[in-house]
């Protein structure tokens, strides 16, 4: 007689099924909402609700038992500090399954498995996320501009260094011009008046000699 003690093996080996279940439960506690098939969601739901029941009482023993299943320390801390206290007033039914329809290709029945108190990012939350995204984009742009400026400065420095290391161009030797070539030939000086007057005087003395 079946007393609801069975489980769905999901057509997987034991090791594969356990690893998959651990990963899906960890993802459920990290994102508080996952999309999967209906058969997987029903199996993961059992393990997740048992862990949340333990997380409502934060003791060393409960943490060790949960740590056997959840190997991520951050998610384990979130389970006991955040999710567990949120579910203290509930006596069970910590998760819900929402139908999505059939998957294209193999027609598998797809569902959303989420925590009961999960809230969609609408209104203020969406605005905050949009503002954060804008700030990140602005920071990325400023960082890109700074990188470009730094690259330009580096290229300018390398060009200056290259110019400084180049040997100085030799100036052509100036042609030596001799003063003798530049100076014109000395003009002949005209004869003096005394030299011209001398023959005239001699001619004047000749008739005196005849007498």
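The values are calculated or read from the model by the stated rules, or taken from the named source; none is laboratory data. It should be emphasised that the depicted structure is a prediction, and the values quoted were computed from it without experimental measurement. Note: ideal-geometry Cβ built from the backbone for every residue, glycine included; neighbour counts use all protein chains shown.
If you go through region 61-72 and keep only what is part of a loop (DSSP other than H, G, I, E, B) and surrounded by 13 or more Cβ atoms within 10 Å (Cβ to Cβ), you end up with 69, 70, 72. If the condition is being touching a residue at least 12 places away in the same chain (Cβ under 8 Å) and touching a strand residue (DSSP E or B) at 6+ places or on another chain (Cβ under 6 Å), then region 1-35 contributes 28, 32, 33, 34, 35.
For residue 96, the conditions (1) in a helix (DSSP H, G or I); (2) surrounded by 13 or more Cβ atoms within 10 Å (Cβ to Cβ) are fulfilled apart from (1). Only one of (1) touching a helix residue (DSSP H, G or I) at 6+ places or on another chain (Cβ under 8 Å); (2) not in a strand (DSSP E or B) is not met by residue 105, so which one is it? So residue 105 meets the others, but not (1). Set side by side, the residues 89, 117, 82, 58 differ, and just one is free of Cβ contacts under 8 Å to residues at least 24 places away in the same chain and outside any helix (DSSP H, G or I), which is 89. For residue 39, the criteria (1) within 24 Å of residue 110 (Cα to Cα); (2) crowded, with 16+ Cβ neighbours inside 10 Å; (3) more than 37 Å from the chain's Cα centre (by Cα) hold in every case but one, which is (2).
Results for (1) at pLDDT below 85; (2) surrounded by 10 or more Cβ atoms within 10 Å (Cβ to Cβ); (3) not in a loop (DSSP other than H, G, I, E, B), shown as yes or no for each residue.
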position	(1), (2), (3)
121	yes, yes, no
131	yes, yes, yes
151	no, yes, yes
163	yes, no, yes
177	yes, no, no
184	yes, no, no
187	yes, no, no
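All told, residue 75 meets the bar of being touching a residue at least 24 places away in the same chain (Cβ under 8 Å) and surrounded by fewer than 19 Cβ atoms within 10 Å (Cβ to Cβ).
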